[in-house]
Structures are given as structure tokens and as C-alpha cells.
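Inspection log for the structure reproduced underneath, given as C-alpha cells.
The values are calculated or read from the model by the stated rules, or taken from the named source; none is laboratory data. Keep in mind it's a predicted model, so treat the numbers as computed, not measured. All Cβ positions, even for glycine, are placed from backbone atoms using ideal geometry, and neighbour counts span all protein chains on display.
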Amino acid sequence: MARYTGPKTKKARAFGEAIFGFDKAFEKRKYPPGSHGNNRRRRQKSDYALQLMEKQKAKYLYGVLERQFRNLFEKASRKKGVTGEVLLRFLEARLDNTVFRLGIAPTRRAARQFVTHKHITVNGVVTNIPSCQLKPGDIIGVRGKSQGMSAIRDSISAKSDVRKYPWLEFNPDKMQGVFVDYPEREHIPEKINEQLIVELYSK
């Protein structure tokens, strides 16, 4: 169950945006990390560097390691449609990401932990695999004896008025949601240039 556990602010500064959520340290220093701070002259990045950075940003944002990411890309490339958009749909269909989007967890990291600790069910069955790919119609819920957890209740109450994802439905009283369908690209809020990722893997 490997995942990135290093410094979050440093990665956010490298990408120029708070990819792990609001970060006070990032807000104070929005320039890239380095010993010379914001005064360092930085060369213009090559096309390859831009493509690589976009792939790395997507990986860290969704909490996916290289092998998983490449496997998802290869799966997306075999599907009909625009490969980059299909890739993002697969990333959004991960169980940990959906738990986060539904508001059951405050962050993707917390969502991953809830899943691995067996607090989440899919179609009534306890599932502890964060990378589990959901299908349209799947029902995601909080396990019965986990519904009293303050971390889950606090997250749901904090996000109960932020149901802005049209591919999901959620009932906060039942602590249960539905993955209605794969999202359209314009509905996915992440600032990712998926075409750069496609160009990188197509070399």
C-alpha cells in the first residue's frame, strides 16, 4: 500500500499550486523551493519538463504511484474517446477519490485511510482497496459501526452544502452516495492539462 508520504508544501511549491488542499505555509511562499528562494533565476522549461511536471502533478494530486498511473493510462488508451479525458475519468472513479468528493473525508489522504481501515462499503460490502474502480450505479457508504466517528461526521457536516459534482449523489442522513456516471471533463475541477500527459507517454 505504498504512497507518497513526504513534505506536502514542498511539492505544492514545485507545482505552483496547493494540490493537497489549503496550506498556510504554501500561501506564504508560493515560489519554487530552493536554497536561493525567490531570487534564483530559472530557465524556461523544455516541452519534456512541462509534460513531466503535468504527469507528476496528477500523480501527487490523486495519490497514485507511477506503475498505477501508467496502467491507468494504458487502460484509457484502449478505450474509445479522448485518451486524456478518459484517464481523468478513471482517476475520478477511484474509491478514495470518490469518498473525498462525497465529503465523507476532508482530504484524499484521509479518504484513503478511511478505506484501508475498513470504514467504507461499496454496494454494501466492506472494501479496503483505495484504487478500486467504481462503475456507474455503485453505492458508496459508511460502514454501520463507523458512522459515529467524529472525523467522518465533522467532514460530512462541513461539506453538506457543497454538492457540486453532477456525477455523484449523496444522502448525508444515510451517509451514503451513488456514483451516477463517469464525469465529463468540464465538470472535473482539477487544473490538469491532460494532453501534456498523453504527449509524454506517446513518445
Query - Of all residues making up segment 87-119, the number that are touching a strand residue (DSSP E or B) at 6+ places or on another chain (Cβ under 8 Å) and within 22 Å of Ser77 (Cα to Cα) - result: 4
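Look through Ile129, Ile188, Ile152 and report the one residue that is surrounded by 21 or more Cβ atoms within 10 Å (Cβ to Cβ) and of a type in the set (A, V, I, L, M).
Matching residue, one of Ile129, Ile188, Ile152: Ile152.
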Requested in this report: State whether one or more residues within segment 81-99 are more than 18 Å from Gly63 (Cβ to Cβ) and either exposed (fewer than 14 other Cβ atoms within 10 Å of the Cβ) or charged (D, E, K, R) (or both).
Outcome: yes
Query raised in the report: Looking at segment 128-163, which of the residues that are charged (D, E, K, R) and in a helix (DSSP H, G or I) is modelled with the lowest pLDDT?
Result: Lys159
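Condition check ((1) of a type in the set (Lys, Arg); (2) out of contact with any Pro (no Cβ under 8 Å at 6 or more places or on another chain)) across all residues:
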site	(1), (2)
Glu92	no, no
Pro106	no, yes
Ala110	no, yes
Gly124	no, yes
Lys145	yes, yes
Ala158	no, no
Glu169	no, yes
Asp173	no, yes
Phe179	no, no
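Conditions (1) under 16 Å from Val198 (Cβ atoms); (2) out of contact with any Lys or Arg (no Cβ under 8 Å at 6 or more places or on another chain); (3) without any contact (Cβ under 8 Å) to a residue 40 or more places away in the chain, marked per residue:
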{"site": "Gln68", "(1), (2), (3)": "no, yes, no"}
{"site": "Lys75", "(1), (2), (3)": "yes, yes, yes"}
{"site": "Lys79", "(1), (2), (3)": "yes, yes, yes"}
{"site": "Gly84", "(1), (2), (3)": "yes, yes, no"}
{"site": "Arg108", "(1), (2), (3)": "no, yes, no"}
{"site": "Lys118", "(1), (2), (3)": "no, no, yes"}
{"site": "Val122", "(1), (2), (3)": "no, yes, yes"}
{"site": "Gly141", "(1), (2), (3)": "no, no, yes"}
Query - In segment 155-166, the residues that are free of Cβ contacts under 8 Å to residues at least 40 places away in the same chain and more than 18 Å from the chain's Cα centre (by Cα) - result: Ser157, Asp161
Query raised in the report: Hey, any hits in segment 106-116 for a residue that's part of a loop (DSSP other than H, G, I, E, B), farther than 30 Å from Asp47 by Cβ and not basic (Lys, Arg)?
Result: yes
Query raised in the report: Going through segment 177-203 one residue at a time, which ones are touching a Ser or Thr at 6+ places or on another chain (Cβ under 9 Å) and within 14 Å of Leu102 (Cα to Cα)?
Result: Gly177, Phe179
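Conditions (1) surrounded by 12 or more Cβ atoms within 10 Å (Cβ to Cβ); (2) assigned to a helix (DSSP H, G or I); (3) at pLDDT 95 or above; (4) out of contact with any His (no Cβ under 6 Å at 6 or more places or on another chain), marked per residue:
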residue	(1), (2), (3), (4)
Ala14	yes, yes, no, yes
Ala18	yes, no, no, yes
Glu27	no, yes, no, yes
Arg41	no, no, no, yes
Gln44	no, no, no, yes
Tyr60	yes, yes, no, yes
Val64	yes, no, no, yes
Gln68	yes, yes, no, yes
Phe73	yes, yes, yes, yes
Report task. Quick one: count up the residues across segment 94-104 that are outside any helix (DSSP H, G or I) and in contact with a Lys or Arg (Cβ under 8 Å, 6 or more places away or on another chain). Result -> 1
Query raised in the report: Residue check, Ala158 against (1) surrounded by 14 or more Cβ atoms within 10 Å (Cβ to Cβ); (2) over 30 Å from Leu52 (Cβ atoms), all met but one. Which one?
Result: (1)
